[in-house]
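Please read the structure below before turning to the comments.
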Amino acid sequence: MSTANPSALWQPDPERIAQAQVTKFQAWAAEHHGAPSDGGYPALHSWSVRELDAFWKAVTEWFDVRFSTPYARVLGDRSMPGAEWFPGATLNYAEHALRAAETRTDEPALLYVDETHEATPVSWSELRRQVGSLAAELRALGVRPGDRVSGYLPNIPQAVAALLATAAVGAVWTSCAPDFGARSVLDRFQQVEPVVLFTVDGYRYGGKEHDRRDVVAELRRELPTLRAVVHIPMLGTEAPEGALDWSELTSADVAPVFEQVPFDHPLWVLYSSGTTGLPKAIVQSQGGILVEHLKQLGLHCDLGPEDRFFWYTSTGWMMWNFLVSGLLTGATIVLYDGSPGYPDTAAQWRIAERTGATLFGTSAAYVMACRKAGVHPSRDFDLTRVQCVATTGSPLPPDGFRWLHDEVRDDLWIASVSGGTDVCSCFAGAVPTLPVYIGELQAPGLGTDLQSWDPGGKPLTDEVGELVVTNPMPSMPIRFWNDPDGSRYHDSYFDTYPGVWRHGDWVTVTSRGSVVIHGRSDSTLNRQGVRMGSADIYEAVERLPEIKESLVIGIEQPDGGYWMPLFVHLAPGAALDEALLNRIKQTIREQLSPRHVPDEVIEVPGVPHTLTGKRIEVPVKRLLQGAPLEKAVNVSSVDNVELLHFYEELARKRG
């Protein structure tokens with residue numbers, strides 16, 4: 001790919017650079033910790049990965065992390081896996097998340113928005129009071145440090161209070177969104193054996209009510225470790241027999257008591273998408289998440305007490321946990337519970353306007369859907385408060401950058417970010433002091449030694465390679481649940497390059513220091529030695545108005561051949577005729593490479609996704625290679641299992 005010097009789409013002005021937290025941090029760290037005082041972000045970044053101990057010590061001091069017991073040193077052991085951070089230190093994540101309540105009692109900590117798009121505030125003091133009451137009740141129920149507390153909840157204020165109360169007692173939080181079916185939830189929660197379940201009777205989505213009482217009853221039956229179930233009446237029903245009522249547990253006026261736990265004490269369990277086999281139960285620590293999120297949100301996202309932070313997400317996705325951590329910076333967080341496109345495609349822009357969002361996070365897919373639907377955000381909404389639009393979930397195509405620039409504001413900071421559930425953070429993305437180039441992530445994150453490697457472990461510049469991280473990050477998993485010897489954890493990231501985290505994405509690190517993500521490396525298209533990410537194909541093909549969505553798979557054949565079909569889900573009224581077929585092939589040939597013109601273009605009834613909205617590539621590849629459905633994919637992780645039967649049938653016919 002070409003990384004000749006293009007002109008920047010956006011350049012922060014000198015005042016913005018001077019005002020950014022990361023600029024002030026660099027000047028302070030230069031004075032106190034030996035960071036370089038000039039050279040801007042690139043110099044700061046190279047110091048942060050070279051001097052890990054000094055950098056992370058500086059982060060904890062800059063953000064005034066409250067260690068109730070001091071640490072012996074920053075890194076006890078830096079090997080991966082198994083790095084030991086801040087040994088000896090004790091602290092509490094929830095205490096830091098509620099710190100702003102000490103000074104900003106009546107200002108909103110949360111703004112809750114449902115499908116009516118009206119915002120309901122929850123003040124800092126009210127959130128702190130609820131957490132205090134709930135933490136005391138959890139302790140009264142016998143919940144102890146290390147016990148698991150689960151939530152089957154939408155993105156509502158009660159979910160935030162439940163997470164913080166869980167962390168306050170030193171217990172371990174884990175959640176699923178209520179659009180997950182019983183099997184999907186049990187695949188996750190049964191692994192960790194929760195003692196408490198917070199649950200709703202249902203939720204509203206797309207203008208309809210969805211009753212979940214039957215699913216809740218099944219969860220109660222199938223989770224024998226539960227000591228208590230807490231009922232939150234979203235649809236106004238009575239608490240089921242034996243369940244406790246949310247309002248009673250949160251009625252007391254008591255200050256929260258924050259259990260001081262070791263730095264590496266588990267905070268929460270997140271789950272991989274689980275498209276093959278059981279989802280990995282990923283455990284991250286109180287201290288690791290605290291310092292990583294302070295860095296990411298405070299320095300990279302430039303968030304502070306004046307900000308309103310909105311990210312479209314559900315409780316089943318790591319971005320929800322990341323959103324809650326916005327509280328660490330004193331920002332007001334916006335919780336939207338509903339369909340991303342209800343009552344129309346412009347819904348999320350309307351919410352940004354109504355809540356005064358300063359950082360608006362969404363998915364690349366939503367941006368492209370708005371572009372296709374002819375949405376005009378700045379014409380139809382007052383978005384003057386939006387400083388930054390951030391996207392994740394998949395790479396934001398170049399057209400998405402141009403559209404945001406043209407349709408939101410030409411002076412808009414566009415942050416395409418990429419990380420993973422595995423670290424609950426970003427490897428690369430937002431930097432408020434750097435230019436934005438079309439189709440690129442601004443830079444690797446501070447303290448993150450992100451590189452692109454060839455198969456032999458040699459770093460590459462301006463060439464596609466494996467995304468690796470060569471030094472530990474505090475939010476890397478402390479372990480997987482039920483992985484006593486650590487083998488599953490090791491095999492997930494460290495089996496290719498010993499001692500180095502291999503993430504499973506194709507990436508280019510440009511000579512300018514920016515980063516381009518090309519999609520997953522395990523579903524890479526390798527034609528005659530030329531490797532290309534699926535994201536590049538989707539970006540080109542989905543520009544065609546007839547194509548709603550696409551899925552491309554590259555399959556190594558037993559005879560040494562290579563079959564590369566492109567599956568297309570057509571827009572209403574479109575037909576896959578000779579003319580469209582030729583345009584698809586011509587688009588790929590001219591914009592990408594003649595080698596990556598598909599062998600066949602096949603119309604499909606739809607493209608299957610994980611429950612968090614990612615296209616399912618590897619399981620479809622396995623189906624097409626002849627694997628039976630139950631071996632190829634964990635069906636409870638798929639949004640529409642019926643669609644998989646189409647690919648299964650196709651494999652049978654070809655077989």
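Structure above, values below:
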{"quantity": "All aspartates and glutamates inside 14 Å of K208 as judged from Cα atoms, apart from same-chain residues fewer than 8 positions distant", "calculated": "D114, E115, D179, D337"}
{"quantity": "L303 - accessible surface, heavy atoms, 1.4 Å probe, Å² rounded to 10", "calculated": "10"}
{"quantity": "Phi-based couplings in Hz for segment 147-160 (Karplus 6.51, -1.76, 1.60; Gly and Pro marked x)", "calculated": "5, 9, 10, 10, x, 10, 9, x, 7, 10, x, 4, 5, 5"}
{"quantity": "Other-chain or far-sequence residues with amide H under 5 Å of G151's (modelled H)", "calculated": "T174, S175, C176, F198"}
{"quantity": "Karplus (6.51, -1.76, 1.60) ³J(HN,Hα), θ = phi - 60°, over segment 296-312, in Hz, Gly and Pro reported as x", "calculated": "5, 7, x, 9, 6, 8, 6, 8, x, x, 7, 8, 10, 10, 10, 9, 6"}
{"quantity": "Convex hull of segment 443-586 built on C-alpha atoms - directionally averaged projected area, nm²", "calculated": "12.5"}
{"quantity": "Among P474, L127, T392 - extreme Cα towards positive end, dipole of the chain, charges at beta-carbon", "calculated": "P474"}
{"quantity": "Spatial separation of Cα centroids for segment 329-391 and segment 141-164, in angstrom", "calculated": "28"}
{"quantity": "Span from the segment 417-469 Cα centroid across to the segment 1-69 one, whole angstrom", "calculated": "16"}
{"quantity": "Cα centroid separation, segment 541-580 to segment 207-267 (Å)", "calculated": "45"}
{"quantity": "Residue-by-residue Karplus 3J(HN,Hα) for segment 459-471, coefficients 6.51, -1.76, 1.60, Hz, glycine and proline x", "calculated": "x, 10, 10, 6, 9, 6, x, 6, 6, 10, 10, 9, 10"}
{"quantity": "Top positive-direction residue, dipole computed over the chain with Cβ charges, set L624, H645, G207", "calculated": "L624"}
{"quantity": "Equivalent-ellipsoid semi-axes of segment 25-171, from the Cα gyration tensor, Å, largest first", "calculated": "34, 22, 15"}
{"quantity": "Rounded percent of accessible protein surface that carbon and sulfur make up, the chain, 1.4 Å probe", "calculated": "48"}
{"quantity": "Rounded accessible area per residue of the chain, 1.4 Å, Å²", "calculated": "37"}
{"quantity": "Cut-off under 5 Å, modelled amide H: who pairs with L75 long-range", "calculated": "F86"}
{"quantity": "Under 5 Å, built H, 5+ apart or other chain: amide partners of Y271", "calculated": "I282"}
{"quantity": "Eligible lysines near K614 by straight Cα distance, threshold 20 Å, same-chain separation 8 or greater", "calculated": "K280, K372, K548, K631"}
{"quantity": "Among I438, Y271, V464 - extreme Cα towards positive end, dipole of the chain, charges at beta-carbon", "calculated": "V464"}
{"quantity": "Solvent-accessible surface (1.4 angstrom probe) belonging to E95, in square angstrom, nearest 10", "calculated": "40"}
{"quantity": "Range of Cα positions in the chain per principal axis (Å), largest first", "calculated": "70, 62, 55"}
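The values are calculated or read from the model by the stated rules, or taken from the named source; none is laboratory data. This one's a predicted model, so the numbers in the text were calculated from it and none came from an experiment. Counting neighbours? That spans all protein chains shown, and the Cβs are built from the backbone with ideal geometry, glycine included. Heavy atoms of the whole protein, side chains included, go into the accessibility calculation; ligands, DNA and RNA do not. Shrake-Rupley method; radii C 1.70, N 1.55, O 1.52, S 1.80 Å.
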